[in-house]
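J.: Handing you a structure now.
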There are 2 protein chains.
Amino acid sequence: MTLSNSEADDIAATAHEMADAVRPVVLQHFRTSGLAAANKDEAGGFDPVTIADRAAEEALRDVLRRRRPDDGIIGEELGRSTGRSEITWVLDPIDGTRAFLCGIPVWGTLIAALHGGRPIFGVIDQPHIGERFIGGFGQAILQRGSDRFPLKTRMPVALSEARLLSTFPEVGTAEEQAAFHNVSRNVQLTRYGLDCYGYALLALGQVDLVIEAGLHIYDIAAPIAVIEAAGGIVTNWSGGPITDGGQVLAASSQVLHQHALELLRA
Amino acid sequence: MTLSNSEADDIAATAHEMADAVRPVVLQHFRTSGLAAANKDEAGGFDPVTIADRAAEEALRDVLRRRRPDDGIIGEELGRSTGRSEITWVLDPIDGTRAFLCGIPVWGTLIAALHGGRPIFGVIDQPHIGERFIGGFGQAILQRGSDRFPLKTRMPVALSEARLLSTFPEVGTAEEQAAFHNVSRNVQLTRYGLDCYGYALLALGQVDLVIEAGLHIYDIAAPIAVIEAAGGIVTNWSGGPITDGGQVLAASSQVLHQHALELLRA
């Protein structure tokens, strides 16, 4: 079923209200010296959860409770709840907790609305820089203060001219890392350490590819909406739609997407 | 010879004037779609030089020509000139050209004043975020708009709790990479892709170690001044002073510096 214009407007307004509400909550914790990181990785790795993460997700949910109590929610920190409407919100209060802990402003608050299981509206908000990347319902913009810039993926370039981003050099498993390097060694340059900000830069036309593995749906739902609205393509490494995270290939153009896909599968 | 207070004030004021002058020059090129990158790496790698780099260094030199024509200059793009005063300026108009090309705001303008071959005042300026990290002459501050925050390295932590930054996962040669990983596998977390912003975050008390190799003097002179002013330590991988770039170990505390040094040499 298609959404009415008023429903679309309400979803967009709710997403902005959530992003506004969460900014002071996370900024109050960013770059404070006492930020404690509890470890939630039971396998013994380091998956930091801070007080800021939980407080931020509460702030996001408060807005939904008030404005759209019938919608479903999938949140990174506080779990899933099924709704009675057609909309499910996917929330990652602080994507890039490691960057957050290190004071690096490439983390972001991710807010996405799913309809029929597909992201139809997304926000990538970077509160420290004050940048909000928005995509969906015919909009694709970067908002910073009162400035607005169009989001549009870069013109198609040859793979040898492409700029590739990822978060971890390990990428995922050893096999996934090898596939990644099949692409990486054929591009102009590769940069690491970007978290959600990498997807925002792809939507802004600054880079051509983002390739990651081991993602969760809350890491990628908002980026999908923003990148698709900006003219880009996001699929899994088989070229199919992303339904629950995992391997992600985001590209600025169809031709580059095909090229990268072939190398990932080789 | 010690510098007079008025000479110190003039050096600091000149550095600020340079950083102010260069901001609009670089920002006018940041995130533009037409930014061309010429390749200056004759060995066939990718070392991008943009129009912005050269224009920015000209803007820095214009200020020196007017305010302090007798000082020496070492600039990344436009070479060296010997001065008639005791001061030599070390300039990197855009440290992190790759980050700049990708739209990632962790590049910076680096300005340092050397006296007796040692950095005595330094500025790391990040124009897009609007952050200026300043160290020397008893000052250690982060300036953002009208806000000022003290720069102070983090309290000593155990190596297992330390946060480590570097720019490239390859670090340098295979041997240098192996030494780096001796440290990396013993810390809490490692992040890549930071350029000069990593040193700024160390001065701000957000991370504990920055380890790099293959640097030039213009990459590290300003970070040395800023980090030392904030209470940190910067040496080469033998624990000696950095005279011309190369291998760099920056640490938040003496004890962590010693620990990392032992692992780099092991």
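J.: Report the residue count in region B:27-76 for those that are over 25 Å from B:GLY245 (Cβ atoms), hydroxyl-bearing (Ser, Thr, Tyr) and modelled with pLDDT under 85.
T.: 1
J.: So for region B:145-155 (the condition being acidic (Asp, Glu), modelled with pLDDT of 95 or more and touching a strand residue (DSSP E or B) at 6+ places or on another chain (Cβ under 9 Å)), does at least one residue qualify?
T.: No, there is no match, as no residue in region B:145-155 is acidic (Asp, Glu), modelled with pLDDT of 95 or more and touching a strand residue (DSSP E or B) at 6+ places or on another chain (Cβ under 9 Å).
J.: Please enumerate the residues belonging to region B:84-108 that are farther than 21 Å from A:THR167 by Cβ and open to solvent by less than 10 Å² (accessible area, probe 1.4 Å).
T.: B:ILE87, B:TRP89, B:VAL90, B:LEU91, B:ASP92, B:PRO93, B:ILE94, B:GLY108 - these are the residues of region B:84-108 that are farther than 21 Å from A:THR167 by Cβ and open to solvent by less than 10 Å² (accessible area, probe 1.4 Å).
J.: Same structure again: Which of (1) open to solvent by 10 Å² or more (accessible area, probe 1.4 Å); (2) assigned to a helix (DSSP H, G or I); (3) closer than 21 Å to A:PRO223 by Cα does A:ILE74 not meet, given it meets every other one?
T.: Condition not satisfied by A:ILE74: (2).
J.: Here is a follow-up. Quick check: anything in region B:112-133 within 13 Å of chain A (Cβ to nearest Cβ), under 12 Å from the mean Cα position of the chain (by Cα) and assigned to a strand (DSSP E or B)?
T.: Here is the first cut: in region B:112-133, the residues within 13 Å of chain A (Cβ to nearest Cβ) are B:126-131, B:133.
Checking which are under 12 Å from the mean Cα position of the chain (by Cα) leaves us with B:126, B:133.
Next, from what is left, pick out any that are assigned to a strand (DSSP E or B): B:126, B:133.
Yes: region B:112-133 contains one or more residues that are within 13 Å of chain A (Cβ to nearest Cβ), under 12 Å from the mean Cα position of the chain (by Cα) and assigned to a strand (DSSP E or B).
The values are calculated or read from the model by the stated rules, or taken from the named source; none is laboratory data. Because the structure is a prediction, the values reported are computed rather than measured. Here Cβ is always computed from backbone atoms with ideal geometry, including for glycine, and neighbour counts include all displayed protein chains. The accessibility values were calculated without ligands, DNA or RNA, using every heavy atom of the protein model including side chains. Shrake-Rupley method; radii C 1.70, N 1.55, O 1.52, S 1.80 Å.
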